[in-house]
Ligand code: M6R
């Protein structure tokens with residue numbers, strides 16, 4: 001049943017190219033425009049939306065953080081991302097022109113369910129992004145986009161995360177489309193970028209041995225940091241969460257730009273620090289993050305750098321270099337997360353932990 005893999009988690013990591021392809025499947029209408037079949041919200045309702053609030057927990061929350069960058073960029077509609085467990089306790093500003101997007105792999109997470117119930121009492125439109133057909137959260141929502149990633153058995157979410165990001169991107173593109181933007185060509189171009197991801201993810205998987213080797217080398221570490229910026233920031237948070245839940249070691253993700261505002265004080269000799277370097281572009285983020293790599297290395301950190309093919313500037317400051325396929329900035333989370341999943345899985349396995357059933361955790365958290 002594990003398809004020749006030692007753990008369900010490894011199997012599910014390996015299924016990610018297919019999961020992404022399946023999330024994208026069947027999203028075109030005959031005229032080549034985007035369609036979201038299972039959407040029960042009308043285009044008119046979507047045109048009236050003036051704010052998106054994404055609510056989710058854990059890894060699904062990080063998928064929401066990634067999605068914010070894309071949704072705001074493509075639609076110019078403000079998008080907030082909030083932990084479901086915090087949402088209803090702070091008297092959130094929600095009304096009928098708010099689109100509340102609940103992301104949940106299982107569709108049964110109680111915190112998320114309570115949050116959407118609250119949103120509906122405020123007459124918000126609620127859309128679920130969910131992997132489990134017929135589960136409670138989509139049943140209690142006005143609309144749903146199913147991720148179609150197939151069952152996720154391991155407690156740690158992997159293909160769930162990637163497919164959630166893709167589904168959120170579809171939502172962002174669809175919102176841009178119904179809101180009329182002279183955006184048609186651009187939507188098609190972005191769809192093509194998404195459709196090229198399964199092959200890119202497969203390549204990252206094929207290079208997995210290097211990451212497994214690294215996990216063996218770092219097996220006695222008690223603390224690991226992760227740095228990212230822009231859409232790479234939630235990837236850093238996700239990398240840290242995977243390590244906490246599977247390997248039971250201290251791990252933290254930071255926004256690279258925050259380093260100088262505090263976290264740099266943590267850097268000491270041989271502390272492993274993963275850094276997700278943004279693709280080179282006009283925004284200078286690549287250069288800025290590379291200078292962070294330089295700074296932490298000068299203070300003794302062991303730098304584990306994830307950087308796109310052809311990025312040579314970072315090479316002198318990388319103790320370990322993990323190459324990523326060249327993809328646009330907003331697509332990078334979908335390739336950069338994969339080595340971090342493999343790393344956490346291998347490290348936990350080396351430490352003798354049950355990778356699929358980490359201690360104290362349940363696959364779906366059905367209590368508040
Ligand atoms: O089923 P959900 O997507 O609602 O679950 C949300 C979180 O409980 C879940 O992502 C959790 O953080 C995972 N164990 C992370 O790997």
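Condition check: more than 8 Å from the ligand (Cβ to nearest atom) and out of contact with any helix residue (DSSP H, G or I) (no Cβ under 7 Å at 6 or more places or on another chain). Does residue 70 satisfy that? For residue 70, the condition - more than 8 Å from the ligand (Cβ to nearest atom) and out of contact with any helix residue (DSSP H, G or I) (no Cβ under 7 Å at 6 or more places or on another chain) - is not met.
Of all residues in the range 52-71, none satisfies being loosely packed, with under 15 Cβ neighbours inside 10 Å and either modelled with pLDDT of 95 or more or part of a loop (DSSP other than H, G, I, E, B) (or both). A single entry from 35, 16 fulfils the requirement of being surrounded by 14 or more Cβ atoms within 10 Å (Cβ to Cβ) and farther than 22 Å from residue 241 by Cα: 35.
Looking at residue 82 and the list (1) crowded, with 21+ Cβ neighbours inside 10 Å; (2) within 16 Å of the ligand (Cβ to nearest atom); (3) not in a helix (DSSP H, G or I), which single condition is not satisfied? The failed condition is (1). The set of residues in the range 349-367 being within 12 Å of the ligand (Cβ to nearest atom) and either in contact with a helix residue (DSSP H, G or I) (Cβ under 7 Å, 6 or more places away or on another chain) or touching a residue at least 24 places away in the same chain (Cβ under 8 Å) (or both) consists of 355, 356, 357, 358, 361, 362, 363, 364, 365, 366, 367. Look at (1) in a loop (DSSP other than H, G, I, E, B); (2) under 22 Å from the mean Cα position of the chain (by Cα) and you find that residue 330 fails only one, number (1). The single residue among 266, 237, 306 that is away from the ligand (no atom under 16 Å from the Cβ) and touching a helix residue (DSSP H, G or I) at 6+ places or on another chain (Cβ under 9 Å) turns out to be 306.
I'd like the full set of residues that are near the ligand (Cβ under 8 Å from one of its atoms) and closer than 18 Å to residue 54 by Cα, limited to the range 135-156. Answer for the range 135-156, where residues must be near the ligand (Cβ under 8 Å from one of its atoms) and closer than 18 Å to residue 54 by Cα: just 137.
Per the conditions (1) surrounded by 18 or more Cβ atoms within 10 Å (Cβ to Cβ); (2) away from the ligand (no atom under 15 Å from the Cβ); (3) more than 21 Å from residue 308 (Cβ to Cβ), the sole criterion not satisfied by residue 273 is (3). For the range 36-45, the tally of residues that are under 24 Å from the mean Cα position of the chain (by Cα) and within 20 Å of residue 72 (Cα to Cα) stands at 1. Do we have residue 282 as under 30 Å from residue 74 (Cα atoms) and crowded, with 16+ Cβ neighbours inside 10 Å here? For residue 282, the condition - under 30 Å from residue 74 (Cα atoms) and crowded, with 16+ Cβ neighbours inside 10 Å - is not met.
Figure legend. Inter-residue proximity from the range 1-21: first residues on the phi > 0 side of the Ramachandran plot, second residues surrounded by fewer than 21 Cβ atoms within 10 Å (Cβ to Cβ), beta-carbon distance below 6 Å, spacing 6+ or different chains. Indicated pairs: 3/11.
Can you pull out the residues in the range 309-321 that are part of a loop (DSSP other than H, G, I, E, B) and out of contact with any helix residue (DSSP H, G or I) (no Cβ under 9 Å at 6 or more places or on another chain)? The answer is 309, 310, 312.
What tally of residues in the range 99-134 results from selecting those that are surrounded by fewer than 23 Cβ atoms within 10 Å (Cβ to Cβ), closer than 19 Å to residue 36 by Cα and within 14 Å of the ligand (Cβ to nearest atom)? So the answer is 2. Can residue 250 be described as at pLDDT 95 or above, farther than 21 Å from residue 347 by Cα and surrounded by fewer than 18 Cβ atoms within 10 Å (Cβ to Cβ)? No: the conditions fail for residue 250. For the range 318-348, the tally of residues that are out of contact with any strand residue (DSSP E or B) (no Cβ under 6 Å at 6 or more places or on another chain) and either free of Cβ contacts under 8 Å to residues at least 60 places away in the same chain or crowded, with 23+ Cβ neighbours inside 10 Å (or both) stands at 15.
The values are calculated or read from the model by the stated rules, or taken from the named source; none is laboratory data. Nothing here was measured: the structure is a model prediction, and the numbers come from that model. Glycine gets a Cβ as well: all are built from the backbone with ideal geometry, and neighbour counts include every protein chain shown.
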